[in-house]
Structure formats: C-alpha cells, structure tokens
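Just so you know, all these numbers are worked out from the coordinates, no wet-lab data involved. Keep in mind the model is a prediction, meaning the values are calculated, not measured. Here Cβ is always computed from backbone atoms with ideal geometry, including for glycine, and neighbour counts include all displayed protein chains.
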Ligand code: UGA
C-alpha cells in the first residue's frame, strides 16, 4: 500500500514482529519483501505500531489477521473478533473496514451489523486476498482480479469508489474488478481454494491409478492440460497440498456447510483431503520398501521442508510431516531446506538438520526430495552419487531429471510414474 503511494499505519499485537518490521526486517522469508519494505520505509509513508489508537483518522482499515483451523475443523475466528473489537473504537463515520481474512460465509454480515451498530455511518466490506506465498509481492501489487463484497445502497457505492482509489494503479493497468454482495465475496475466496485443492487431489488420484498400471501421470497431466477447459496449472502430482491455506480452508468450508445444513454439497472435500493425506503415507511406505523393510538404523536425507519452494512456511507441510514420521519409525533423518530449517526446527526439534544439501546427503541410505526448490533440481546426480551410501532417490515432487539420475546409477522413484 505504501509502495502504491498511500500513507500506511500497520498494527500488530506482536511487539517482536513490529520491532523487526520497523527496522526494515521481514519477519519471514518471502522473495522481494525486504526490498519493498525498505522502499516503503524510506518513503516515510509507512509506520509500524502495536498501538491501535494510531489508526484513528485512517479512511480505510484493512483487517488481515489469520483464521487458523480450530479443534473441530471449523475456522477459529477469535483473532478476527479480537481485531474488530480492538479496532472499532477508533473507526469514525464515513470510514471503511475492509476484511481480507478468509472467513466462513456469513461472517462479514455479522461483523458489518456490529460495526454499524457501534459506529453509525461506518461501513464494512469484504475484499478477499488471493496472493500465493512465494509470489506474494507480485500478486499483491498486480493481482489477477479484485473482488469487492459490498452492502447494497449508497454505502456500497461509496465503498466501491474508495477501493477504486486504493487500487487505482492496478485498475489503470486493466486488472478486472468484480463487485458483488458480502456472502458471494466470502464464497469466492473459499471456493477458489477448494477448487485448487480438488484439482491437486484429482491429479494425485490419477497418480495412484498410474502407479498400479505402470502409466506416467506427468505425461497424462501434460496431455489433458492442453485442453484449455482443464489447463495444465495445478496438475502437478506429488506429495499434495500443505501450507496455511488449502488444507484448513477445505476443512473450514465443510464445517460451515454442515452448520448451514448443506454438508452433502461439500462431502467430496473429505475425499479431496483423504487423497491428499494418502500421498504422505505413500512416501513413508515407499521409503520403507526401498530400505528393505527396515527403517531403524538407516540414514535418510530429506531435501526440502517448506510446504512449497520460495517459502520458509512449514505449516501443514507434507515434507516436514514425512520427515517427522520417518524419524518416529526409527530412521535417522538428516534434513535440509534452503530457508525453512529455522521454522522446521521450532516444530520438530528432534530431527537432525543439516546446513547444506551436501551435509544431509553424506552417507545417506536413501534420498528424499520433498520440496521442489531450484537448488535441488540443479543437483548434479553424479556428485550426489559420490556422497551417499546407497544411490536411491525418491522424487516426491517429480522435479528431477529422471534420466540423468538413472544415468548416474540411481534407482529413481517418482510419484505416479
Ligand atoms: C493458496 C492459493 O493458491 C492462493 O490463491 C490463496 O490466496 C492462498 O492459498 C491463501 O488462501 O492465502 P499458497 O498456500 O501460497 O496459496 O500455495 P499454493 O501455491 O496454492 O500451493 C499449495 C500447496 O499445493 C503446496 O503445498 C504445493 O506444493 C501444492 N501443489 C500446488 C501441488 O501439490 N501441486 C500443484 O500442481 C500445485
């Protein structure tokens, strides 16, 4: 927002995070974020604070707190509710609160009614976020679409005009902008993630079939992906989806549908989830098989811990989950990730972490490539062969040049190939 020319006050309840940001340090790994943060601070258009009172006088208040999975699978709204409660006393008539968080459908109407009751003339709108980790800066500055969920009437029209000013730069570049009611905007967000999760589980289900009949799921994805109605993106078979969004969003969506009495409509998402989790179990079983049925005493090199490349996020990461299960089953796991060792160690201090890929690979009885970082794609299989104890590799993301690894003497096992 500061880069786009707006004056920004950023509030968080975590003083350590605020201190880091104020010093120009990104609190997590995201390509391009340190640069954009430095630019924003240098422009003098952004400041970081833990004091909610500092937001008073802002025309637009973005609400962007997390909605993690609660114990029943439903979204935990306590951060949204706490942020709204803390913010409301500093909102004035004529101002807008703009929800960004992924929430159960119906939340915006509830928050909007509470806001209007507390601050007559203030308006709540929902403007969901579609950014991907690893591309967060690019996706924020030039998104592929804007969705405005607004109330009916004059307040809604003023909200549209205000958001158009906020996003003037991207709109001038032709970014589509769709205006709709609040529940539709909430649903757009969650249904987009449910669709993406379904697409990934679809191709992983095809991988399971391919494994049984000796077919190649990558060739299959390439071929069906040429059909523009299907499209090749998000058809990469492997370990399935993880992270802070897709897994918890499909569970929260099912929980909300159950509450609304339309659970059957989303019953298929339980299969999407189960197919996704089977991939992790499959790799653990494959590792066991390749190690002759005994994991105890074996050394396994795990390359990749983040839920996807170009991120240090290990929330619900298939890679970290597999590493932890192999350790539990008695293997000595030597894990390496270019960015996610610090975050992984916090969740699983029991694993052995290496500082380089070479260190993890040295003496390994089995190599698992579990996150498709470029660094792993570029590994020289000949050099790896000279480090390991036994040349066996599982390519959990189908990201290695299979022929090159086989030529270097490796037994190579991919996913669905
Ligand atoms: C996802 C959505 O893609 C964003 O549009 C959305 O804004 C975001 O959630 C959110 O709700 O905040 P993200 O979690 O960053 O973004 O990651 P994705 O790129 O969607 O990848 C999710 C997982 O699916 C990763 O573990 C990735 O490895 C896996 N994946 C992705 C596959 O297994 N196969 C594929 O073909 C693509």
**Request:** Taking the Cβ of each residue in 405, 373, 126 as the centre, tally the other Cβ atoms inside 10 Å and list the residues starting with the fewest.
**Result:** 405, 373, 126
**Prompt:** Taking other Cβ within 10 Å of each residue's Cβ, how do 317, 92 sort, fewest first?
**Reply:** 92, 317
**Message:** Using Cα springs under 10 Å in a Gaussian network model of the chain, which residue among 254, 69, 138 shows the largest mean-square fluctuation?
**Reply:** 138
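Kindly provide the Kirkwood hydrodynamic radius of region 198-276 in Å, to one decimal, from all pairs of distinct alpha carbon atoms. The partial results should precede the final answer.
On the way: mean 1/r = 0.0733 Å⁻¹.
Averaging 1/r across every pair of different Cα atoms and inverting gives 13.6 Å.
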**Item:** Sum of -39500 (n - 2.57) over DSSP H runs of 4+, divided by residues of the chain (222 nm, nearest 500)
**Value:** -13000 deg cm²/dmol
**Request:** Using a 10 angstrom cutoff on alpha carbons, build the Gaussian network for the chain and name the most mobile of 34, 349, 183.
**Result:** 349
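Give, in nm to one decimal, the length gained when the segment between residue 177 and residue 296 is fully stretched (0.36 nm per residue of separation minus the Cα-Cα distance).
Numbers: separation 119, 0.36 × 119 = 42.84 nm, distance 5.61 nm.
Result for the pair: 37.2 nm of gain on full extension.
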**Prompt:** residue 72 label point, 7 Å along Cα→Cβ, cut-off 14 Å on backbone N: hits in region 245-260?
**Reply:** 252-260
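Fewest to most neighbouring Cβ within 10 Å: what's the order for 352, 339, 25? Write down the numbers at each step before the final one.
Details: 352 15, 339 21, 25 12.
Result, fewest neighbours first: 25, 352, 339.
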**Request:** Measure nothing fancy, just the Cα-based angle from helix 107-118's long axis to the longest principal axis of the chain, in degrees from 0 to 90, nearest 10.
**Result:** 30 degrees
**Message:** Could you work out the relative contact order of the chain? I mean the mean sequence separation of Cα pairs under 8 Å and 6+ apart, divided by the number of residues, in percent.
**Reply:** 12 percent
**Message:** What is the distance in Å between the Cα centroid of region 4-46 and that of region 300-372?
**Reply:** 30 Å
**Using alpha-carbon coordinates, inclination of helix 182-213 to the longest axis of the chain, degrees** = 10 degrees
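Assign one of three labels to region 24-128, namely rounded, prolate or oblate, based on the Cα gyration tensor with a ≥ b ≥ c the square roots of its eigenvalues; rounded applies when a/c is under 1.5, prolate when it is not and a/b is larger than b/c, and oblate otherwise. Don't skip to the end; give the middle numbers.
On the way: a/c = 2.30, a/b = 1.25, b/c = 1.83.
Cα axes put region 24-128 in the oblate bin.
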**Prompt:** Helix 268-290 versus the longest principal axis of the chain: what angle, 0 to 90°, nearest 10, using Cα atoms?
**Reply:** 30 degrees
**Radius, Kirkwood style, for region 262-405 when every pair of distinct Cα atoms is counted (Å)** = 15.5 Å
**Complete:** Extend 7 Å from the Cα of residue 347 along its Cα-to-C-beta direction; within region 279-296, residues with backbone N under 18 Å of that point are 279-284
**Message:** If I take all pairs of Cα atoms in the chain, what percentage of them are more than 41 Å from each other?
**Reply:** 23 percent
**Prompt:** Share of antiparallel DSSP beta bridges in the chain, in percent to the nearest 5?
**Reply:** 5 percent
**Prompt:** Using the alpha-carbon centroid of each, what span in Å lies between region 377-417 and region 144-216?
**Reply:** 37 Å
**Fill in**
Most fluctuating of 83, 161, 194 in the GNM of the chain (C-alpha, under 10 Å) is 161
